[in-house]
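Some notes on the structure that comes next.
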Amino acid sequence: MNTDPIKVYDARWEPHEFDAGKVARLVESTLIYGRILGVDAVTICRDARWGCASLMELAADMAQSSGFDVFLCPDPVSTPQSYFLTFSVSEERPAVMGLTFTASHNPASYVGLKVVVPPVQAIGLGCGPLGGFQKIREIYHGTETLERGGRSRLRVLSVAREYVDFSLAQAGVADGGLAGLSVVADFMNGSAGAEFMGAFQRAQVSVLPLRLVPDGGFPTGSPNPTSAGKMATAVALAGTEGADVVIGTDGDGDRLVFGDARGILSAGIAAIPVLAQVVDPGDAVPPFVLYDPKVSPLALSAWVRSGAAPVLFRNGHSQIKERMRIIDAVAAVEESGHFYHRLRGSRSTAYMESSLVTTLLFLKAIRQRPALLHELRSLEDSFFTTGEFNYQLPGDAERDAALAAALQLFRDDGAALVSRTDDGSDLMGIHVSKGMDAATGALSPDWYQAYLRVATNEKAVMRSYLSSGDPSMGRAWETRLRSLLESRGGRVVE
């Protein structure tokens with residue numbers, strides 16, 4: 001039984017798990033944490049899901065009555081736009097904390113909280129000042145309360161137009177700069193559609209939108225474009241309408257996929273044109289770009305040719321952004337569809353998701369060289385990948401046993417299993433590889449890699465991802481893994 005709603009990257013829960021008093025205690029603990037850090041202002045945003053509006057009201061009232069100046073955006077916005085709001089406010093109020101109420105790609109029944117602290121730094125469990133959510137958890141289970149006083153200032157604002165302006169400028173896309181491109185964009189009834197459409201209209205992209213209007217009930221299921229079949233309608237529409245590019249976002253707009261009428265590209269491949277525009281191959285020291293254990297070795301080779309220095313790191317949004325800050329990486333990519341950038345303001349630098357910047361950079365590259373999309377598709381088709389597939393087991397013990405059994409299959413095949421990077425960072429899962437030379441980048445024709453891990457935000461769920469240079473081998477391994485999980489009572493979940 002969960003004793004608090006705090007997970008590895010954020011706080012996330014279903015309403016039946018915690019009553020109103022415990023949820024209020026989470027918000028109070030977060031504000032106490034902010035006060036310890038010297039925070040004097042709070043930005044508050046939410047995505048479209050139904051449960052977030054009341055939480056926003058609660059947080060705004062509690063923050064005001066505790067003396068924090070509050071900058072409130074009441075309309076549903078994407079998580080990247082919420083980060084941008086905090087980033088913008090920090091230019092004048094550097095001691096600002098950002099609260100975003102969202103449960104990302106999870107089903108409509110979930111709610112959650114993401115937190116940014118000065119200097120626009122996302123926190124996680126054991127990540128951030130004083131351990132981030134670890135410190136909030138300590139406060140949550142303690143007795144300290146938030147000192148209340150007179151009500152402070154509340155400012156209601158929207159930075160949607162400023163966010164579009166900033167994103168266009170960061171990507172180097174002028175008004176009308178993408179004219180001639182046609183796109184099918186599926187927004188999954190999430191909160192990112194308005195900002196994307198605003199940027200597309202400015203750049204004169206021709207758009208066929210799907211599930212554009214925010215609906216916190218997510219009537220067509222979990223808003224996750226990386227789940228199997230979720231982008232099928234958009235891909236088919238691109239074929240019938242002759243659209244150049246397919247784009248999909250998740251419920252809060254921080255997860256992103258690209259493709260065309262032939263299907264969806266893996267994130268590592270889709271990142272090739274994006275990174276080519278943020279990396280200068282003439283740099284004396286190649287800039288760092290973080291990648292997770294699922295990114296294809298073929299994509300990494302292309303990154304290197306563009307002038308980047310790929311650095312293996314674990315999954316985890318807050319942890320990746322913290323590592324980017326430490327090593328001053330220019331970008332990062334997770335195969336789950338998360339893209340991160342180093343973004344500079346007039347007075348500060350932030351390391352964060354900006355799906356709009358990523359999308360504009362991708363489209364700009366395709367606009368400049370239309371044949372590039374065909375090259376990306378050819379590279380994608382040269383290897384097999386499963387995408388992430390997830391199974392929920394009857395319980396955590398059964399999940400752990402299934403994971404151990406799956407890893408033993410790979411050991412028996414002579415594969416290498418790694419749980420930490422060269423600098424000792426925990427990968428939070430097991431990276432499996434065979435036929436790959438990490439030092440030289442050489443690959444045998446039948447290379448394969450896998451990444452297996454326990455889900456951090458869902459109960460008893462095991463996540464698997466597999467890629468291979470030999471499609472028949474890749475499919476055989478996928479069948480073997482699925483059969484093992486199903487034989488142990490596993491069922492497919494999104």
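The values are calculated or read from the model by the stated rules, or taken from the named source; none is laboratory data. None of the values given here were measured: they were computed from a predicted structure. Cβ coordinates were reconstructed from backbone atoms using ideal geometry, including for glycine residues, and neighbour counts include every protein chain displayed.
Quick notes on this one:
- Positions within the range 330-349 being of a type in the set (Gly, Ala, Ser) and either at pLDDT 95 or above or buried (at least 24 other Cβ atoms within 10 Å of the Cβ) (or both), in sequence order: ALA331, ALA332, GLY337
- Scanning the range 402-416 for residues that are in contact (Cβ under 8 Å) with a residue 12 or more places away in the chain and in contact with a strand residue (DSSP E or B) (Cβ under 8 Å, 6 or more places away or on another chain) yields ALA402, LEU403, ALA406, LEU407, PHE410, ASP413, GLY414, ALA415, ALA416.
- Residue within the range 437-448 that is more than 20 Å from the chain's Cα centre (by Cα) and modelled with pLDDT of 90 or more present: yes
- Residue within the range 150-160 that is of a type in the set (Val, Ile, Thr) and touching a strand residue (DSSP E or B) at 6+ places or on another chain (Cβ under 7 Å) present: yes
So that you can scan it fast, the table gives a plain yes or no per residue for (1) hydroxyl-bearing (Ser, Thr, Tyr); (2) surrounded by fewer than 23 Cβ atoms within 10 Å (Cβ to Cβ); (3) within 23 Å of GLY217 (Cβ to Cβ); (4) touching a His at 6+ places or on another chain (Cβ under 7 Å):
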residue: ASP19; (1), (2), (3), (4): no, yes, yes, no
residue: THR79; (1), (2), (3), (4): yes, no, yes, no
residue: SER88; (1), (2), (3), (4): yes, yes, no, no
residue: PRO107; (1), (2), (3), (4): no, yes, yes, no
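- Restricting the range 350-392 to residues that are buried (at least 18 other Cβ atoms within 10 Å of the Cβ) and acidic (Asp, Glu), the residue that is nearest to the chain's Cα centre (by Cα): GLU353
- When THR479, THR456 are screened for being of a type in the set (S, T, N, Q) and part of a loop (DSSP other than H, G, I, E, B), only THR456 passes.
- Within the range 269-292, not a single residue is touching an Asp or Glu at 6+ places or on another chain (Cβ under 7 Å), polar (S, T, N, Q) and either under 28 Å from VAL77 (Cα atoms) or at pLDDT 95 or above (or both).
- A single member of ARG25, ARG12 is out of contact with any Asp or Glu (no Cβ under 8 Å at 6 or more places or on another chain), surrounded by fewer than 21 Cβ atoms within 10 Å (Cβ to Cβ) and closer than 16 Å to PHE101 by Cα, and it is ARG25.
- Being outside the structural domain of GLN319 (by TED's automatic domain parsing) and within 21 Å of PRO297 (Cβ to Cβ) holds for only one residue in ALA405, ALA415, ALA401, and it is ALA415.
- Counting only strands (runs of 3 or more DSSP E) that sit wholly inside the range 1-78, those with at least 3 residues that are of a type in the set (A, V, I, L, M, F, W, C) are 41-46, 69-72.
- Taken over the range 370-397, the criterion of being assigned to a strand (DSSP E or B) and touching a Pro at 6+ places or on another chain (Cβ under 9 Å) is satisfied by PHE384 alone.
- Cβ-Cβ under 6 Å pairs, at least 6 apart or on other chains, the range 308-332 side on the phi < 0 side of the Ramachandran plot, far side part of a helix (DSSP H, G or I) and of a type in the set (Lys, Arg): PHE313/ARG323
- Taken as a whole, the structure leaves SER104 outside the set of residues that are of a type in the set (S, T, N, Q) and farther than 16 Å from GLN81 by Cα.
- Members of the range 220-261 found to be touching a residue at least 60 places away in the same chain (Cβ under 8 Å) and part of a strand (DSSP E or B), listed by number: VAL245, VAL246, ILE247, GLY248, THR249, LEU256, VAL257, PHE258, ASP260
- For the range 45-67, a residue qualifies if it is crowded, with 24+ Cβ neighbours inside 10 Å and in contact with a helix residue (DSSP H, G or I) (Cβ under 9 Å, 6 or more places away or on another chain), and the qualifying residues are CYS45, ARG46, ASP47, ALA59, ALA63.
- Among the residues of the range 312-369, the one identified as assigned to a strand (DSSP E or B), within 24 Å of ALA450 (Cβ to Cβ) and among the β-branched types (Val, Ile, Thr) is VAL333.
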